[in-house]
Amino acid sequence: MAHLITRRTALALGGSALVAGTAGAQIQTQPATPPNLPIERGATLRMLRPVRFVQPDQDVWNANCQRFAQQHGIEVRVDFVGWEDITQQTAVTANTNAGPDIIIGFNAGPHLFAEKIHDMTDVADYLGTKYGGWRPLAQAYGRRQNRWIALPFGASGGPAIWRTSTLREAGFDSVPDDHAGFLRLCQALRRINKPAGFALGNAVGDGNAFAEWLIWSHGGSLTDEQGNVSINSRETINALNYLRELYPTFVQGTLAWGDISNNRAYSAGECHLTQNGVSLYFSMLNDPALRPIAEDTQMTPMPKGLLNAVPNAGLTLNAMVFRHSRFPNAAKALLTYLMEAEQYDPWLQANIGYWSQPLNAYAASATWTRDPKIAVFRDTMNNPFWNGYKGPITEGSVAATADYVLVQMCAAVASGQATPQAAAAEAERRATRYFRRRG
Amino acid sequence: MSTATAAPVWTKVRQQPGALARLFDNKAFLIVVCLLPAVGLLLTFLTYPLGLGVYLAFTDQTIGRRGIWIGIENFEFLAEDPIFWNAVFYSVFYTAVATVGKFALGLWLALLLNQHLPMKSLLRAIILLPWIVPTVLSAIAFWWIYDPQFSIISWMLIELGLRETNVDFINTAWPARWSLIAANIWRGIPFVAISLLAGLQTISPSLYEAALLDGATPWQRFRHITFPMLMPILAIVMTFSIIFTFTDFQLVYSITRGGPVNSTHLMATLAFQRGIPGGQLGEGAAIAVAMIPFLVFATLFSYFALARRKWQQGESND
């Protein structure tokens, strides 16, 4: 439906009452001067983007890009590529100085190729002023040494997802926000034989999300603010000792869990509390056989533990414009255009909650009121945590995450293979290697 | 009478061949021309990637950044890396156990198939199935069979009342190692069985007849006829099998990704994990290069130790 949006209707309706409800209507803006980006004559832009979650995502995105192309008499081509391929294609593009003008990558992507991409500070300042400021996660992934190198487009978080009826049976209304309470909940679930389960296997998304939650919520971190490895700390040991008590309450087999395992176990009713992105909820909601489970499901942030913020690093879409592009103004103008309310809000709504906004003003989007269960994702980008927290985002932080340094530290303790002290020391040894040449 | 006719004057002088023809008559030139495509292909697709891989092992290249020459720093790090040594141990263990299993079962199967059975051809075709199915498919099948929650084996055992809980196939180190070896054996048997069956069929029946006349027992016939006659093909098949097993990647990566806690990493999976997802191309290449000595040793061992001529002919070694 959403791809019916045209520039004319959008203008005629003043950005309100669009197909998917009331796009843009509630979005408060502040006066701001757009940067002067004269679009190059006869520009042709090529953009690479990760594939959609849902079809309307792609439709609205394409429609927005085509509208921009028509307005300026240029050409815009968008290619959607698989998630696993984005990093490699970005690397090839950066190393060969050829290929797409714009790549929307994930998380740290732009930081690895900072010298190969254009400064985005002017655009980011304009958008930030106009739409109530950038959220903390957007600042973490978009900025490098006080200048913007990328435009974050949204993030997808991983809250706790649980069965309302099961928690009630165990004597809980919701997931407690402290460690002791969370442990009590998991023990109670084990007693009624409807256990919790969190991935401790080599699962890029879920494994890292759980390990990071565990360490961060106890005050630990992989690196300190300067980027020195700080994982072998008292906080980490506390976290691992806590895990030793928590792990026996899990459903069997979580050490072998991949990214898909907890989705399957939860959908089959084998596991009643886990941590996952919004996709699990929607896949159950769209399956008539699993709909009752979806209706019994609730999603809340993972416990904060010792912190004031939710220790979860959302998977972030991060757009970069390459220096080899012959049309940098057009590229930056296109990205700015896509972030404006007339384009961004319909896109946000088309994604029904898979992506959460980087700019504060979009918190008012109708996306977050349609289904109260997905409201938990609204503030994904308010959590100031990223892969490699607390240090700067570097090659090292990317490699340490991809090589499961934190996950395997936790799994070694959970399986009884290593003491917390030994596991933390081993993680420190591996991390030191990855951070040995800091940028 | 004189010689009435003068001897005909032979005017046809052999024409000097053209420069092109002479060029093509030149043996040295022909050798070069005929070999060039092959050499070119080998250089482009074999030597260059291999050389690049070896070169990368001595650099700190990552995905996205050019490396600089760092000598043997990667190897020095690996020498102190318990995860690497665990991968070396498991690669050797995996290869050894799986090869023994494959050959024991494969030889047995080949001997059975060598008997006169009804529907022999059909049976042989069926035996080949595990080998024909793409490894990734069989790996996914085993991934489900070993799933901690949804394993069909666990389900069956629980339904039959033999167990209360799911079987721990890949959740702890040693069960995971044995499970992967079992999957590899299952996949490798057909190759061994069919190759050895071909070998068995070349053994002349007259040898067995002679042995029967001498009153040899079945074990003696196997020990003194079948086994020695099979040795040459056994050596070749074993060489291939060891190489395939040692460099196995798909089964392990699809089923456990090297987990739990790196206990089932083979050198090949660890090289990939460090090199591509981890982005440390240099270190990944170093792990891959570290596989070469093992492969050379295994190949030489199985080739020279098993292919000794005298042994093949049933004599003792000097």
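The values are calculated or read from the model by the stated rules, or taken from the named source; none is laboratory data. What you see is a predicted model; the values in this text were computed from it and never measured. Here the Cβ positions follow ideal geometry from the backbone for every residue, glycine too, while neighbour counts run over all protein chains shown.
Checking each residue in the range A:201-248 for being modelled with pLDDT under 95 and within 14 Å of chain B (Cβ to nearest Cβ) picks out A:201, A:202, A:203, A:204, A:205, A:206, A:207, A:208. For the range A:387-402: of the residues being surrounded by fewer than 24 Cβ atoms within 10 Å (Cβ to Cβ) and part of a loop (DSSP other than H, G, I, E, B), which is farthest from the other protein chains (Cβ to nearest Cβ)? Ranking the candidates gives A:390 first. Before we move on, is residue A:430 surrounded by fewer than 19 Cβ atoms within 10 Å (Cβ to Cβ) and at pLDDT below 95? For residue A:430, the condition - surrounded by fewer than 19 Cβ atoms within 10 Å (Cβ to Cβ) and at pLDDT below 95 - is not met. As a summary of the residue check, residue B:274 satisfies the conditions (1) part of a helix (DSSP H, G or I); (2) away from chain A (no Cβ under 14 Å) except for the one numbered (2).
Conditions tested, residue by residue: (1) surrounded by fewer than 18 Cβ atoms within 10 Å (Cβ to Cβ); (2) outside the structural domain of residue A:320 (by TED's automatic domain parsing); (3) free of Cβ contacts under 8 Å to residues at least 24 places away in the same chain.
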| site | (1), (2), (3) |
| --- | --- |
| A:38 | yes, no, no |
| A:45 | no, no, no |
| A:49 | no, no, no |
| A:54 | yes, no, no |
| A:57 | no, no, no |
| A:62 | yes, no, no |
| A:66 | yes, no, yes |
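Answer with yes or no whether residue B:226 is in contact (Cβ under 8 Å) with a residue 60 or more places away in the chain and hydroxyl-bearing (Ser, Thr, Tyr). For residue B:226, the condition - in contact (Cβ under 8 Å) with a residue 60 or more places away in the chain and hydroxyl-bearing (Ser, Thr, Tyr) - is met. Residue B:262 falls short on exactly one of the conditions (1) touching a residue at least 24 places away in the same chain (Cβ under 8 Å); (2) at positive phi; (3) surrounded by fewer than 19 Cβ atoms within 10 Å (Cβ to Cβ), and that condition is (3). Among (1) in a helix (DSSP H, G or I); (2) at pLDDT below 90, where does residue A:125 come up short? Among (1) in a helix (DSSP H, G or I); (2) at pLDDT below 90, the lone unmet condition for residue A:125 is (2).
Okay, residues lined up against (1) of a type in the set (Asp, Glu); (2) touching a residue at least 24 places away in the same chain (Cβ under 8 Å); (3) surrounded by 13 or more Cβ atoms within 10 Å (Cβ to Cβ):
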position	(1), (2), (3)
B:185	no, yes, yes
B:188	no, yes, yes
B:191	no, yes, yes
B:197	no, yes, yes
B:211	no, no, yes
B:214	yes, no, no
B:217	no, no, no
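Here the condition is being under 22 Å from residue A:304 (Cβ atoms), at pLDDT 90 or above, out of contact with any Cys (no Cβ under 6 Å at 6 or more places or on another chain) and surrounded by fewer than 21 Cβ atoms within 10 Å (Cβ to Cβ); of A:418, A:366, A:425, A:375, it holds for A:375 alone. Could you tell me whether residue B:234 is out of contact with any His (no Cβ under 9 Å at 6 or more places or on another chain), at pLDDT 90 or above and away from chain A (no Cβ under 14 Å)? No.
The single condition among (1) free of Cβ contacts under 8 Å to residues at least 12 places away in the same chain; (2) more than 14 Å from every other protein chain (Cβ to nearest Cβ) that residue A:170 does not meet is (1).
Residues in the range A:256-284 that are among the hydrophobic types (A, V, I, L, M, F, W, C) and either touching a residue at least 40 places away in the same chain (Cβ under 8 Å) or buried (at least 18 other Cβ atoms within 10 Å of the Cβ) (or both): A:256, A:257, A:265, A:271, A:273, A:278, A:280, A:282, A:284.
If I filter the range A:174-183 down to residues being modelled with pLDDT of 95 or more and out of contact with any Pro (no Cβ under 7 Å at 6 or more places or on another chain), which single residue comes out as surrounded by the fewest Cβ atoms within 10 Å (Cβ to Cβ)? Looking at residues that are modelled with pLDDT of 95 or more and out of contact with any Pro (no Cβ under 7 Å at 6 or more places or on another chain), I get A:180.
Residues of the range A:156-165 that are modelled with pLDDT of 95 or more and in contact with a Leu (Cβ under 7 Å, 6 or more places away or on another chain): A:160, A:161, A:162. Inside the range B:52-84, residues that are part of a loop (DSSP other than H, G, I, E, B) and either within 13 Å of chain A (Cβ to nearest Cβ) or on the phi > 0 side of the Ramachandran plot (or both) make up a count of 11. Can we say residue B:147 is in contact (Cβ under 8 Å) with a residue 60 or more places away in the chain, of a type in the set (Asp, Glu) and either within 26 Å of residue B:271 (Cα to Cα) or assigned to a helix (DSSP H, G or I) (or both)? No: the conditions fail for residue B:147.
Of the residues making up the range A:307-340, those that are among the β-branched types (Val, Ile, Thr) and touching a Gly at 6+ places or on another chain (Cβ under 9 Å) are A:310, A:316. Among the helices (runs of 4 or more DSSP H) confined to the range A:263-376, the ones with at least 3 residues that are not assigned by TED's automatic domain parsing to the domain that holds residue A:120 are located at A:279-285, A:291-295. When residue A:279 is tested against (1) within 14 Å of chain B (Cβ to nearest Cβ); (2) touching a Ser or Thr at 6+ places or on another chain (Cβ under 9 Å); (3) at pLDDT below 95, only condition (1) is not met.
Is it true that residue A:341 is aliphatic (A, V, I, L, M) and under 30 Å from residue B:167 (Cβ atoms)? So residue A:341 fails the test. Determine if the range A:314-324 includes at least one residue that is surrounded by 20 or more Cβ atoms within 10 Å (Cβ to Cβ), closer than 25 Å to residue A:402 by Cβ and among the polar types (S, T, N, Q). For the range A:314-324, residues surrounded by 20 or more Cβ atoms within 10 Å (Cβ to Cβ), closer than 25 Å to residue A:402 by Cβ and among the polar types (S, T, N, Q): present. Of note, residue A:239 satisfies the criterion of being more than 24 Å from residue A:374 (Cα to Cα), part of a helix (DSSP H, G or I) and not acidic (Asp, Glu). Cβ-Cβ contacts under 7 Å between residues 6 or more apart (or on different chains), taken from a first residue in the range A:71-85 that is closer than 15 Å to residue A:53 by Cα to a second residue that is loosely packed, with under 14 Cβ neighbours inside 10 Å, are listed as A:80/A:51; A:81/A:51; A:82/A:51; A:83/A:51. The lone criterion from (1) assigned to a helix (DSSP H, G or I); (2) surrounded by 19 or more Cβ atoms within 10 Å (Cβ to Cβ); (3) within 30 Å of the chain's Cα centre (by Cα) left unmet by residue B:240 is number (2). Candidates B:126, B:158, B:189: the one that is at pLDDT below 90, assigned by TED's automatic domain parsing to the domain that holds residue B:302, of a type in the set (A, V, I, L, M) and in a helix (DSSP H, G or I) is B:126. Kindly indicate the residue of the range A:73-99 that is away from every other protein chain (no Cβ under 14 Å) and in contact with a Leu (Cβ under 9 Å, 6 or more places away or on another chain) and also nearest to residue B:65 (Cα to Cα) among those meeting that condition. Step by step, filter the range A:73-99, then rank; the result is A:81.
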